[in-house]
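Chemist: Here it is, the structure in full.
The values are calculated or read from the model by the stated rules, or taken from the named source; none is laboratory data. Remember, predicted model here, so these are calculated numbers, not experimental data. Cβ: placed from backbone, ideal geometry, glycine included. Neighbour counts: every protein chain shown.
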Amino acid sequence: MSEVSQNTSAKLPKNTSQMRTIDVAVVGGGIAGKACALGLAQLGLQTIQIAPDLGQTVSAPQGSQWGQRIYAFSPSTQKLLAHLQIWDAVDHSRMQPVRDMRIYGDRGEKHDQLHLSAFEAGTPQLAWIGESNVIEHTLDQASRFQNKLERINDSVENIQVDSDGATLQLKNGSALRAQLVIAADGANSAIRAELGISTKEESYSQSGVVANWICSNAHLETAYQWFLSGGDIVAMLPLPNKQVSMVWSTSTENAAELLKLDQAAWTEKFSSIANGAIVKQLGLLTLNSMPAAFPLRRIRASRFIGPDDNPKVALIGDAAHVMHPLAGQGLNLGLRDVATLLHILSKRESFRLPNDKVLLRRYERQRQGDTSALLWVTDKLKKLFSASSGTEKQLRNWGLGLVNRSHFIKRRLIERALGDADFE
Ligand SMILES: Cc1cc2nc3c(=O)[nH]c(=O)nc-3n(C[C@H](O)[C@H](O)[C@H](O)COP(=O)(O)OP(=O)(O)OC[C@H]3O[C@@H](n4cnc5c(N)ncnc54)[C@H](O)[C@@H]3O)c2cc1C
């Protein structure tokens, strides 16, 4: 757990009356920031987005090389992107719908598995798997044609909140005023730290090793996940063209070893884990990207909005919460923050400004439940499957089989996995 202390904004200019003033400043250029900035501008709010990686638009991925950052996008994300009018513009030849999910326990027994099916749930798909850049590119294109949205390629160094709004000091020496600031500046959010919002933070001492593979067997539009004894989790997510995207959560030391493997060593590795089930299912796996590793941790901000007296700031995405990727939900949760915020601002009473305390409190209240539930479930699942005692091992494997036999629980699970975006 880490506490972040309040920072005094000594560098901020004193005279704010000469400064450029806008409705909303979105700090951060990840998918959450881009979607939020576009949505706010579509509401007619004069919006500026600031991030050091906004210098050029993300180019559309093409050809047989697939990006390293592959995500599972839930139906709640699809709903938001459709609302922002970009879902139809996404290159769907690079998005794979997921019809089934199969999750296997670590005893290697036939009944220790959970099968979730779109058909059984009466929905066309459970999720989509695709590259981050496909979504970012489409968001960039839409943002270019949005005249209420301006982008600044820079970092925010300081924020000072007062009764009218907030003043942001940028690295290039300039400053601007906004009625409302959206902190979408990621897991190490500078805005969160500046405002003295404390976090509960825990490192899993694990990394997520990601890589794309061409598989010789059909993946059957199925997302597979194997819990391995010892706490590792291997997910193989289907992609178009007989490819799968791997997320292997493992100890930091093992992740470093995995990054050194060549094709032959990987082939041997896959046949030696999960009793050979991965190879049996997907066939020969041929590496199709450079493997990379990302540290895994859990972070929860104690507040989702600025200080009580003058909130003026809303935290969204990883700035508010970071979770283990075993459920593939981190970004989806962040985009549900965006959906909720857009919904609240679009339905605001005509006498309320976008930075009204009441609206910001509404936002915080509405995001608490979804965030706490998802952080709790992913954390407990991760820990249950890392525990080495015989009882826990039996319990988790028995639990998978039990859930699998209950139509009712499976439906509830699918409903949760599909999520709900609240912005209409
Ligand atoms: C291995 C792995 C697999 C994952 N798989 C999935 C998945 O399948 N599905 C899913 O939903 N989620 C997944 N996630 C989670 C997902 O990656 C994150 O939740 C998501 O990328 C967070 O997006 P964001 O926009 O909130 O933050 P980020 O993408 O981190 O963006 C932060 C932005 O803020 C900018 N910034 C930082 N500081 C400043 C500053 N001072 N001033 C201005 N700008 C600043 C940065 O430059 C960047 O543009 C996965 C995570 C990992 C590690």
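Chemist: Does any residue in the stretch 63-91 that is among the acidic types (Asp, Glu) come within less than 7 Å, Cβ to Cβ, of a residue that is within 13 Å of the ligand (Cβ to nearest atom) and assigned to a helix (DSSP H, G or I) six or more places away or on a different chain, and which pairs are these?
Modeler: Final answer for the pair search is none.
Chemist: Filter the stretch 155-173 down to the residues that are within 13 Å of the ligand (Cβ to nearest atom) and either within 18 Å of Ile316 (Cβ to Cβ) or of a type in the set (S, T, N, Q) (or both) and list them by number.
Modeler: Step one: of the stretch 155-173, the residues within 13 Å of the ligand (Cβ to nearest atom) are 155-159, 168-172.
Across the stretch 155-173, the qualifying residues are Ser155, Val156, Asn158, Ile159, Leu168, Gln169, Asn172.
Chemist: Same structure, new question: Residue check, Leu114 against (1) closer than 23 Å to Leu335 by Cα; (2) at pLDDT below 95, all met but one. Which one?
Modeler: (1)
Chemist: Search the stretch 71-117 for residues being small (Gly, Ala, Ser) and over 30 Å from Ser229 (Cβ atoms), and hand back the single one that is nearest to the chain's Cα centre (by Cα). First the steps, then the outcome.
Modeler: First, pick out the residues of the stretch 71-117 that are small (Gly, Ala, Ser): 72, 74, 76, 82, 89, 93, 105, 108, 117.
Narrowing further to those that are over 30 Å from Ser229 (Cβ atoms): 76, 82, 89, 93.
Working: Ser76: 12, Ala82: 18, Ala89: 21, Ser93: 22 Å.
Out of the qualifying residues, it is Ser76.
Chemist: Next question, about the same structure. Answer with yes or no whether Val322 is within 19 Å of Leu43 (Cα to Cα), within 16 Å of the ligand (Cβ to nearest atom) and at pLDDT 95 or above. Before the answer, list the steps.
Modeler: Details: within 19 Å of Leu43 (Cα to Cα): no; within 16 Å of the ligand (Cβ to nearest atom): yes; at pLDDT 95 or above: yes.
So Val322 fails the test.
Chemist: Scan the stretch 142-166 for residues that are under 28 Å from the mean Cα position of the chain (by Cα) and among the hydroxyl-bearing types (Ser, Thr, Tyr) and jot them down.
Modeler: Ser143, Ser155
Chemist: What are the pairs with Cβ atoms under 8 angstrom where one residue, in the stretch 38-60, is touching a residue at least 24 places away in the same chain (Cβ under 8 Å) and the other, located anywhere, is among the acidic types (Asp, Glu) and away from the ligand (no atom under 13 Å from the Cβ)? Sequence gap at least six, or different chains.
Modeler: Final answer for the pair search is Leu40/Asp23; Leu45/Asp23; Gln46/Asp23; Thr47/Asp23; Thr47/Glu150; Ile48/Glu150; Gln49/Glu150; Ala60/Asp91.
Chemist: Related question: Kindly state which strands (runs of 3 or more DSSP E) lie completely within the stretch 224-321 and contain at least 3 residues that are without any contact (Cβ under 8 Å) to a residue 60 or more places away in the chain and crowded, with 20+ Cβ neighbours inside 10 Å. Step through it out loud before you land on a result.
Modeler: Working: elements: 233-239, 243-251, 285-287, 292-301, 313-315.
Fully inside the stretch 224-321 and qualifying: 243-251.
Chemist: Here's another thing I want to ask about it. Within the bounds of the stretch 29-40, is there any residue that is assigned to a strand (DSSP E or B), within 23 Å of His343 (Cβ to Cβ) and more than 9 Å from the ligand (Cβ to nearest atom)?
Modeler: Residues of the stretch 29-40 assigned to a strand (DSSP E or B): none.
Looking through the stretch 29-40, none of the residues is assigned to a strand (DSSP E or B), within 23 Å of His343 (Cβ to Cβ) and more than 9 Å from the ligand (Cβ to nearest atom).
Chemist: Only one of Thr57, Thr77, Thr47 is surrounded by 22 or more Cβ atoms within 10 Å (Cβ to Cβ), farther than 30 Å from Asn404 by Cα and either away from the ligand (no atom under 15 Å from the Cβ) or not small (Gly, Ala, Ser) (or both); which? Working first, answer last.
Modeler: Details: Thr57 fails: surrounded by 22 or more Cβ atoms within 10 Å (Cβ to Cβ); Thr77 fails: farther than 30 Å from Asn404 by Cα.
Being surrounded by 22 or more Cβ atoms within 10 Å (Cβ to Cβ), farther than 30 Å from Asn404 by Cα and either away from the ligand (no atom under 15 Å from the Cβ) or not small (Gly, Ala, Ser) (or both) holds for just one of Thr57, Thr77, Thr47, which is Thr47.
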